[in-house]
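Novice: My structure is below; once you've seen it, I'll send some questions.
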Amino acid sequence: MKRLTLFLLLCAPSAWCQANSGELHVTVTGPSGRGMQTTVSLLSEANQYRSNLETNLDGELVVQWLPYGIYRLTVEQPGFAPVAQDLTIQSRLPLHQLIRLKLPTVKQTVTVKAANTLIDPEEPGSVVQLGASFIQHRVGSIPGRSLQDLVNSQPGWLYEGNAVLHPRGSEYQTQFVIDGIPLTDNRSPSFGPEIEADDVQSMSIYTAGFAAEYGRKMGGVVELNTAQNWQAGLHGDVILAGGSFDTASGFAKGQYAWGRNALGGSASGSRTDRYLNPVVPQNYSNTGTLADFSGRCDRDFSPADRFSVSVRHELSRFDLPNEQVQEAAGQRQTADNFETMGSASYQHTFSARTLADYRGMVRDNANNFNSSAQSTPVEVFQHNRFREGYFKATVTTEGRRNEWKFGVESDNIFLHEDFSYVITDPTQFDQGTSLAFAFAGQRPDLEQSAFVQDLARLQTWTFSAGLRWDHYQLLLNKQAVEPRFSISRYFPSAGLVAHFSYDRVFQTPSFENILLSSSTEVASLDPAAFLRLPVRPSVGDYYEGGLSKAFHRQIKLDANYFRRFADNYADDDQIDNTTISFPIAFRKAIVYGAEGKVEVPDWRRFSGFVSYSWEVGNAWNPVTGGLFLGDDATQAEEQLTGHFPDSQDQRNTVRGRGRYQIRPRFWAAGGAQYDTGLPFEFDGSPSTVLAEYGRQVLDRINFARGRIDPSFQVSASAGAEVYRSERIDVQFQADGENLTSVLDVIDFGGLFSGNAIGPSRSYMLRLRTTF
């Protein structure tokens, strides 16, 4: 169920790191060798990174969480000659850079060009980097999905109902890695805690070329960095937003740093009358309220020892949208979630070439689902909770051309499920279906892993190879060994990087309601037609080939072709239009496609991107895991051969957004999205759709094609810097979305999915104060 912002994990400024990020130590001195306090600028167009940071009185600066790549470092200090240097971050171990300023001999200027940083010649695979500016100037979002909207804007990703992300045809196989901690449960608004985009400093998005460090949920990996670089004194943000659907939100975060210490915290709250995707255009009963509180303490005990501890508490309460019949009956279904989490980390540097990192996290999560007596056709109740304990230890060591990383991790989740229902309209169910049912169960989900990976560079070649071992024990006891391999070649004369990757993956089933769906007690639900099979982990082979190229020192092209083969292909089954679902699996699936993205980071006041995705996905019968009742059970037992489009088989998707800086303090932006629609299955006829969902919905689905009709949406934004001083910056932004006012039917009675309708024409206003 919906939980709120598990985010920040409140990490130490280096102890919680991204897998492919490093650290830069800069010392700036004058001609005499004495340290100088000055401003250091860093730029990497490939990573969308741009930052101006102050050295301390001794001229020292530590810049952390830098994604691998080439950076341009500049120092312009009055009275001295400007300095501009290119440097490469390619290791978890710190890079030390000494800048000695000189007195000018002639008048000198520095022009920083993006050509040297537009692509990373040493990146072994494809990765999408989103920086702070892109995140801050994003189009406004409904509470609960700001981060999901950012991920969904990138090629290879698409939504089903309620902002459930699907990377390259994968169902519930997205992993968020927040400051180094992997979270493998469903993070969509109706299932998991919100990850607030305003907490995020940068993002790295992977759909191939996965490091062996990552496992268990491997459809896509989203690395998030939430921590800020330490700057002495008090710094932070306050954001107020509001707009359509009576949406209002507030967010504040701050950090105070002194010496080797930092204290930080954040708080947020929001509400809306359009929290989930409604099932009919009328948007019945769809309010949501969220809140989040956090605190952290960081300390560097020495240059070689860093420690952090943090706590966070979050909550959310929301209604479930009604269909027309349910609204007429007076149904009200509500859900809530409460989560409390604590984390700690410690990092020790043994030498200039070796460091160790230890991290742990404990969280309690409880979610509830309740139905009123007027609910139809069924009253559903759920009270689930789990406690998770996670630990990870890694050692990184660097050779002349290689970087080796060794690690072990343990994730123990103790599940408790309590589910019941009462049928209020038996005519809507198969004859013989039990009119009431209750289940309670508990069981631990125990998972362990170990891995080794190597990153090697040889002239214009870069190699990444890894081996991972996973052990999974819940309903089944399974283990697997997964080799991973990536290779790239840089062609300097063409400004091009070509790459290829292979990933063997072992994906554990979603644990939402898995005890219920596997229990022997569910046989009483429909004794005449019943099928229950254990859900086994999915194993697969992923292949990708592609290239990145810079044009005219201003334009970047990324293009990839991929194929995925999966056995025991993971999917989910949903109870009516509720948020309650459980895992199922099919014999196999094959997903293949191509993606392209053209990006202009900054050219004559213009920046933007346009992307295209083509994807074809099919799943093969028979079912190999899950719970099926009534007609679904009969169909599952009879359909032993053949294949069908998977529920994420959206053939064509185009997205784009451009921004123009009209004046130094004013900008305008516009965007568009086109998709060809998802497949659907519906047992009824068009007349049934007309009667239950109305003409608007019927006009957006095509029974002959078995697909939802294409959708084209336009957005527009404008922003202004309304106030700026040495200490405070205030910016205002206005967004208009779905200006074409299309009825965006995302899902319609889809393959094991309910209905979902996207927002109508809407607006959002946001005021950000940075200090």
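The values are calculated or read from the model by the stated rules, or taken from the named source; none is laboratory data. This is a predicted model, so every value here is computed, not measured. Here the Cβ positions follow ideal geometry from the backbone for every residue, glycine too, while neighbour counts run over all protein chains shown. Surface accessibility is based on the protein's heavy atoms, side chains included, excluding ligands, DNA and RNA. Shrake-Rupley method; radii C 1.70, N 1.55, O 1.52, S 1.80 Å.
Novice: Per-residue accessible area for Lys588 at 1.4 Å probe radius, Å² rounded to 10?
Specialist: 60 Å²
Novice: What does the helix-only formula give at 222 nm for the chain: each DSSP H stretch with n ≥ 4 adding -39500 (n - 2.57), the total divided by the residues, and the result rounded to the nearest 500 deg cm²/dmol?
Specialist: My calculation for the chain gives -1500 deg cm²/dmol from helical runs alone.
Novice: Can you work out the PRE-style zone for Lys102? Point 7 Å along Cα to Cβ, and I want the residues of the range 67-84 with backbone N under 14 Å.
Specialist: Hits in the range 67-84 for Lys102 at 14 Å: 80-84.
Novice: If you count only protein heavy atoms and use a 1.4 Å probe, how large is the accessible surface of Arg532, to the nearest 10 Å²?
Specialist: 80 Å²
Novice: Can you work out ³J(HN,Hα) from phi for every residue in the range 340-352, in order, using Karplus 6.51 cos²θ - 1.76 cosθ + 1.60 and θ = phi - 60°, giving whole Hz and x for Gly and Pro?
Specialist: Couplings: 10, 9, x, 9, 8, 8, 8, 10, 10, 9, 7, 7, 5 Hz.
Novice: Could I ask something else about it? Just need the relative contact order of the chain here, percent rounded to a whole number, with Cα pairs under 8 Å and 6+ apart.
Specialist: 11 percent
Novice: For a quick check of understanding: with a 1.4 angstrom probe and all protein chains in place, what accessible area in square angstrom does Tyr612 have, to the nearest ten?
Specialist: Accessible area of Tyr612: about 90 Å².
Novice: Subtracting the Cα-Cα distance from 0.36 nm times the residue separation, let me have the gained length for Ser372 to Asn261 in nm, one decimal.
Specialist: 34.9 nm
Novice: With labels modelled as points extended 7 Å from the Cα through the Cβ direction, what inter-label distance (nm, one decimal) is found for Gln635 paired with Glu726?
Specialist: 7.0 nm
Novice: Do you know the Lys pair count in the chain for C-alpha distances under 21 Å, with sequence separation 8 or more or different chains?
Specialist: Close lysine pairs under the 21 Å cut-off: 12.
Novice: Give, in nm to one decimal, the length gained when the segment between Asp683 and Val238 is fully stretched (0.36 nm per residue of separation minus the Cα-Cα distance).
Specialist: Extra length from Asp683 to Val238 when fully extended: 155.2 nm.
Novice: May I pose another question? Rounded to the nearest 20 debye, what is the charge dipole size of the range 330-476 about its Cα centre when +1 sits on each Lys and Arg Cβ and -1 on each Asp and Glu Cβ? Don't jump to the answer; show the numbers that get you there.
Specialist: Numbers: 13 positive and 18 negative charges, 170 e Å.
Approximately 820 debye in magnitude.
Novice: Residue by residue through the range 392-408, what is 3J(HN,Hα) from phi via Karplus (6.51 cos²θ - 1.76 cosθ + 1.60, θ = phi - 60°)? Round to whole Hz and write x for glycine and proline.
Specialist: Once θ is set to phi - 60°, the couplings for the range 392-408 become 8, 9, 9, 10, 10, 9, 10, x, 5, 10, 10, 10, 9, 9, 10, x, 9 Hz.
Novice: From the list (1) 44, 28, 26; (2) 48, 29, 21; (3) 86, 38, 27, can you say which value of semi-axes √(5λ) of the Cα gyration tensor in Å was derived from the structure given?
Specialist: (1)
Novice: While we're on this one: Taking a ≥ b ≥ c as the square roots of the eigenvalues of the Cα gyration tensor of the range 201-288, is the shape rounded (a/c under 1.5), prolate (a/b larger than b/c) or oblate?
Specialist: Cα axes put the range 201-288 in the oblate bin.
Novice: Same structure, new question: Which shape class, rounded, prolate or oblate, goes with the range 135-289 when its Cα gyration tensor gives a ≥ b ≥ c as root eigenvalues, a/c under 1.5 marks rounded, and past that a/b bigger than b/c marks prolate?
Specialist: oblate
Novice: Would you mind working out the magnitude of the charge dipole of the chain relative to its Cα centre, with +1 at each Lys and Arg C-beta and -1 at each Asp and Glu C-beta, to the nearest 20 Debye? Mind showing how you got there, number by number?
Specialist: Details: 69 positive and 86 negative charges, 713 e Å.
Dipole magnitude for the chain comes out near 3420 debye.
Novice: I've got another one for you. Quick one: compute a quarter of the convex hull surface over the Cα atoms of the range 459-548 and quote it in nm².
Specialist: 8.4 nm²
Novice: In nm², what is the average projected area of the convex hull enclosing the Cα atoms of the range 58-174?
Specialist: Values: hull surface 45.0 nm².
Quarter of the Cα hull surface area: 11.2 nm².
Novice: Hey, another quick one. Roughly what would the spin-label model give for Thr27 and Arg695, points 7 Å off Cα along C-beta, in nm?
Specialist: Rounded to a tenth, the inter-label distance reads 7.7 nm.
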